[in-house]
Amino acid sequence: MSEATAVLRGIPAPEDRWDDHASAGRSLLEELAYRSNLLGADRALANQGGGNTSAKGMTTDHLGREVRVLWVKGSGTDLATITPAGFPGLRLDDLLPLRQRDAMDDASMVDYLLRCAVRPDQPRPSIETLLHAFIPAEHVEHTHPDAIIALTSTPRGHELVEEAFGSQAVWLDYERPGFAMSQRIAQMLEENPDARAVLLERHGLVTWGSTAKESYHATLEFVGRAALAIERAANGRFGLGGPKVAELRDGGKQSSLLAGALPALRGSLLEDADGVVLDVGRADRGGDCKKARCAEKVRSWSDVAPFRIEIAGVTHQDLRGKRNPPTPMSEPSPMQKTQPLQGQFLHRVVSGHQGHGQAA
Ligand SMILES: [Zn+2]
C-alpha cells in the first residue's frame with residue numbers, strides 16, 4: 001500500500017485499518033458495522049453518507065422460522081458512524097425473484113423493498129439495495145473512492161481500467177443507481193466470472209468477498225491499483241491533491257510577490273457584493289508561504305470587523321471599515337489608497353470573525 005500512498009499525495013491514502021482482535025467474536029451484523037466504520041473512517045474511500053455495505057446470513061422471523069436475510073445500510077446513514085441498528089434486514093428469498101423482471105421504477109422498487117422487511121420498525125434500505133442482493137457473495141461493499149472516481153472520469157477511463165485490471169474488473173458506463181443498474185451489474189458478473197470488482201463510471205467501486213475482511217481488503221486493493229493506473233497514465237504529471245503550481249521557496253521573492261499581488265487581489269474582493277474574506281498566511285515564520293485561503297463568505301464587511309492586516313508582525317494597517325461600493329478593476333483598491341506595503345512579508349490578514357476557510 002506504500003506505493004499507493006505515494007501516488008495519492010494530498011489526500012488520505014487507503015490505509016489498512018483492519019484489526020483481527022477488534023473484529024473477533026462479533027456477530028455477522030456487528031462485523032458488518034465494524035467493516036463499514038473502517039471504510040467510512042477514510043473519506044478518500046467513502047464520502048459522508050456515501051457508499052453502502054451489506055452482508056447475507058440467516059435470521060429468525062416473527063414466526064420463529066429461519067430465513068435468509070440481507071443486511072444492508074439504511075438510507076441516509078453514514079458508514080463512519082453506523083451501528084448494527086442502522087442496517088435493515090430484508091428477506092433475500094423475496095428479493096432474488098426480482099432478477100427475473102425486465103424493469104422497475106424507483107417508486108415500485110422502494111415499495112417492494114419495504115415489503116421485504118424483517119422488522120416493521122427498521123430503517124429504510126439503501127436505494128442501491130438490489131445491487132447487493134444480486135451479487136452472489138456473502139459480503140458486498142460499494143464505495144465512492146477518490147481514486148476510482150478520478151480514473152473512471154478521465155476520457156480514457158475505460159481503456160485504462162482494462163489495462164490495469166483486465167478480466168479482474170468489469171466497467172459499467174455511467175448509469176443512474178436503481179433497478180436497471182443493479183440488473184446490468186448482475187448480468188455482467190454472470191458473463192465475467194473472473195471479475196472481482198465493478199468500476200462504475202464517474203461513480204465508484206463495488207467489491208465483495210466470502211468474509212468481511214476479504215471484502216474490505218478487496219476495496220483497498222482496487223483503490224490502490226486505480227491510483228497507480230492514474231499515475232502511470234499521467235507519467236508522473238498527475239497527483240490527487242498535490243501542488244498545481246510550482247512553489248516559490250525564496251523568502252524575498254515571496255514577499256515582493258505578495259506585496260505586488262495582494263492590493264489587486266484585495267481590490268477585486270471588495271468588488272464582490274457578497275463579501276469575501278481573504279486570509280493569507282504562512283505555515284510558520286521561517287518556512288514557505290503555503291496558504292492563501294479565500295475564506296468563508298460573509299454577509300457584509302461589517303460582519304468581520306475589526307479587519308486588519310498584520311505585516312511581518314511590525315506594521316498594522318487597519319483596513320476595516322465600511323462596505324465600499326463596487327469599483328471597477330482598474331480603480332485603485334483601498335489598500336493602494338491607504339499606504340503601499342512596506343516591502344515586508346505580508347504575514348496574515350486577521351479578521352475578528354474566525355472562519356474556517358476552504359483551501360483555494
Ligand atoms: Zn453509489
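Every number in this text was worked out from the coordinates using simple rules, so none of it is lab data. Keep in mind the model is a prediction, meaning the values are calculated, not measured. Cβ atoms come from the backbone with ideal geometry, glycine included; neighbour counts cover every protein chain shown.
A few comments on the model shown:
- Linear extension gain, THR60 paired with GLU214, 0.36 nm per residue minus alpha-carbon span: 52.8 nm
- Backbone N under 17 Å from the ARG26 label point (7 Å along Cα→Cβ), restricted to the stretch 104-142: 138-142
- Virtual spin-label span in nm between SER256 and ARG176, 7 Å along Cα→Cβ: 5.8
- Coil-residue trypsin sites (Lys or Arg not before Pro) of the stretch 67-103, DSSP, other Cβ within 10 Å capped at 16: ARG101
- Estimated distance in nm for a label pair at VAL110 and GLU159, the labels positioned 7 Å out from Cα along Cα-to-Cβ: 4.1
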